Amino acid sequence: MPLAATLDAGLRDEQVTELDSTIIELVRRRSELVTRLQQAKSLAGLPRTQLGQETEMLNRYRSALGAQGTTLALLLLKLGNRPDLLPSAGA
Ligand SMILES: O=C(O)C(=O)C[C@]1(C(=O)O)C=C[C@@H](O)C=C1
């Protein structure tokens, strides 16, 4: 994209807002999926926490995004374990 277009404030704001909406939707979808996984594990009598998988996930985020990726990953792990922290969809 040409620099002038990238710097156009209106277009830039629109694109950032669109990306934010996508990120919010993905965070919500991830949290809902993990919550269902956790419920299924509980019903099956399996441990809800798998430290090996959490470590791999943290490493993926740190490799891709640096130290702040770890912070983001920890928040995502928390939201999967605490669905009560998210408002219900459409609320
Ligand atoms: O992969 C799983 O089995 C999950 O439950 C997902 C997840 C995660 O949020 O990444 C959540 C809890 C587990 O301790 C490990 C990973």
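No value in this document is a laboratory result; all are computed from the given coordinates. Just so you know, these numbers come straight off a predicted model, no measurement behind them. Glycine gets a Cβ as well: all are built from the backbone with ideal geometry, and neighbour counts include every protein chain shown.
Annotations
- With the helix formula -39500 (n - 2.57) applied to DSSP H stretches of n ≥ 4, the chain reaches a computed 222 nm mean residue ellipticity of -26000 deg cm²/dmol.
- P(r) tail fraction, the chain - alpha-carbon pairs more than 21 Å apart, %: 48 percent
- For LEU3 and GLN50, a Förster radius of 35 Å and the Cβ-Cβ distance give a FRET efficiency of 0.15, rounded to the nearest 0.05.
- On the basis of the beta-carbon distance and an R0 of 25 Å, ASN81 and GLN15 show a calculated FRET efficiency of 0.20.
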